[in-house]
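Participant: The structure's right below; bear with me while I get my questions together.
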Amino acid sequence: MLVLSRKKNESIVINNEITIVVVEIRGDKVRLGVEAPKEVPVHRREVYDAIKRGELEQRHEAGGPAAEA
């Protein structure tokens with residue numbers, strides 16, 4: 001894992017097409033802005049995990065292989 005320090009309004013760039021910007025820092029919360037192409041899905045981790053669980057359940061109900069997410 002790469003760990004970076006950034007201040008408000010500073011950013012990082014991933015693969016020349018995704019930019020993460022520190023929008024606001026308030027107490028122990030950091031607001032981030034994500035600029036990415038429309039075809040690149042961007043989710044909070046808990047939402048991503050719920051999507052993967054739903055996909056796994058759908059495969060299981062359809063009788064398909066129950067691969068780990």
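Participant: In whole percent, how big is the carbon plus sulfur part of the accessible area of the chain, probe 1.4 Å, protein atoms only?
Facilitator: Roughly 51 percent, rounded to a whole number.
Participant: Can I ask one more? Using +1 at the C-beta of Lys and Arg and -1 at the C-beta of Asp and Glu, which of 1, 42, 25 has the Cα lying farthest in the positive direction of the dipole of the chain?
Facilitator: 25
Participant: Counting other Cβ atoms within 10 Å, which trypsin sites (Lys or Arg not before Pro) in the chain have at most 15 and lie in a DSSP loop?
Facilitator: In loop regions of the chain (DSSP not H, G, I, E or B), the sparsely surrounded trypsin sites (Lys or Arg not before Pro) are 6, 7, 8, 38, 44.
Participant: Then there is this: Find the Cα radius of gyration of the chain, compare it with 2.2 N^0.38 Å by division, and give the number to two decimals.
Facilitator: After normalising by residue count via 2.2 N^0.38 Å, the value is 1.51.
Participant: Cross-link partners among lysines for residue 29, C-alpha distance below 21 Å, same-chain residues fewer than 8 apart left out?
Facilitator: 7, 8
Participant: Cut-off 10 angstrom, C-alpha nodes, Gaussian network model of the chain. Which of 20, 12, 51 fluctuates the most?
Facilitator: Highest fluctuation among the options: 51.
The values are calculated or read from the model by the stated rules, or taken from the named source; none is laboratory data. The structure displayed is predicted, hence computed values, not measured ones. Note that each Cβ is placed from the backbone with ideal geometry, even for glycine, and that neighbours are counted across all protein chains shown. The protein model used for the area step is the full one, side chains on, heavy atoms only, and it has no ligands, DNA or RNA in it. Shrake-Rupley method; radii C 1.70, N 1.55, O 1.52, S 1.80 Å.
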